[in-house]
Amino acid sequence: MNRDIFLSTFSHNATKEIAFYGIGIEFNQFCISKWLDDEVIGDTLARMRRQAERCGVCLPQAEGGPDAAATLIDPAKAIVHGPFTDLAPAAFDHRFRDLTRARFDQAAAGTLALGLSRMVVHTGYIPLVFDPRWQVKESIGFWQEFLEDKPEDFQIYLENVMDEKPALLLDIVEGVNDPRMNICLDVGHVNAISEMSVPRWIEALGPKIRHLHLHNNDGNHDLHQALTEGTLDMEEILCAVDACCPPETTLTIESRDCHDSIHWLLERCG
């Protein structure tokens, strides 16, 4: 298996680890919506560019000098995680849905401003609050409208969090029916929430999985532990990915303590 590997910036010593191992970066700055506000977005983007420089994931310096705005991040080496706090694409209240759309639009604009084209987004599904049929129907309309004004090469990866079964993710992505939308499977979330095993999720979603978040836990809590510290058999998961997912499917390590996880994964996928 040969896959492009990324590391989430919320991992301990992420910048140093990315630079040392020469892997890609998944930016987490947009996860917290307030960093997208008009009065701070310029500073947020400048920090992300500086972080990219320290990680060594930049293209040769653009003409115009060493200022942050001239920094060109290698789009093959960077993914952006979009906002998720308090956001719900299938919200009952239209004002909350409008806020959700505005935040995702801000995140997409920020992603494009960095010269990047891939963004992870959450389903926003909450069991016992949203009926799955409502979630699917309303999410399809939301994401179709969101993509209307986005570039042809802009990609979004829909990620599971509290989703109990793979059908919800698959139904939304198939319903949107746009090649720019695929799935980010978070294996740690599956392990903490679902009664189905991760390999079964991978089999069910197969070709629609274009990105994965890898971390481990005890099967009950979203702990973001090292890949080998928990109840998930990562060897089995990688075998399922190799068997069911397209060759271009990428992997992000989301373990808080990441050093051992990077070394372990590079031995198998680097």
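Could you tell me how many of the residues in the stretch 200-233 are under 19 Å from the mean Cα position of the chain (by Cα) and modelled with pLDDT of 95 or more?
Within the stretch 200-233, the first condition is being under 19 Å from the mean Cα position of the chain (by Cα), and the residues that meet it are 201-202, 205-217, 222-227.
Now drop any that are not modelled with pLDDT of 95 or more, which leaves 201-202, 205, 207-217, 222-227.
Total meeting the criteria: 20.
Does L158 satisfy being under 29 Å from T71 (Cα atoms), without any contact (Cβ under 8 Å) to a residue 60 or more places away in the chain, in a strand (DSSP E or B) and not aromatic (F, W, Y)?
Details: under 29 Å from T71 (Cα atoms): yes; without any contact (Cβ under 8 Å) to a residue 60 or more places away in the chain: yes; in a strand (DSSP E or B): yes; not aromatic (F, W, Y): yes.
Judged against the criteria, L158 is a match.
Cβ contacts < 8 Å: first residue basic (K, R), restricted to the stretch 11-28; second residue in a strand (DSSP E or B), any location; separation 6+ or different chain. Result?
Partner pairs satisfying both residue conditions: none exist.
Do you know which residues across the stretch 181-196 are surrounded by 18 or more Cβ atoms within 10 Å (Cβ to Cβ) and in contact with a helix residue (DSSP H, G or I) (Cβ under 8 Å, 6 or more places away or on another chain)?
So in the stretch 181-196, the residues surrounded by 18 or more Cβ atoms within 10 Å (Cβ to Cβ) come out as 181-193.
Those that are surrounded by 18 or more Cβ atoms within 10 Å (Cβ to Cβ) and in contact with a helix residue (DSSP H, G or I) (Cβ under 8 Å, 6 or more places away or on another chain): M181, N182, I183, L185, V187, V190, N191.
Can you name every residue in the stretch 74-91 that is among the aliphatic types (A, V, I, L, M), surrounded by fewer than 23 Cβ atoms within 10 Å (Cβ to Cβ) and farther than 20 Å from D4 by Cα?
Let us first name the residues in the stretch 74-91 that are among the aliphatic types (A, V, I, L, M), namely 76, 78-80, 87-88, 90-91.
Still in the list and also surrounded by fewer than 23 Cβ atoms within 10 Å (Cβ to Cβ): 76, 87, 91.
Selection gives L87, A91.
The values are calculated or read from the model by the stated rules, or taken from the named source; none is laboratory data. Quantities reported herein were computed from a predicted structural model and do not represent experimental measurements. With ideal geometry, Cβ positions are generated from the backbone for all residues, glycine too; neighbour counts draw on all protein chains shown.
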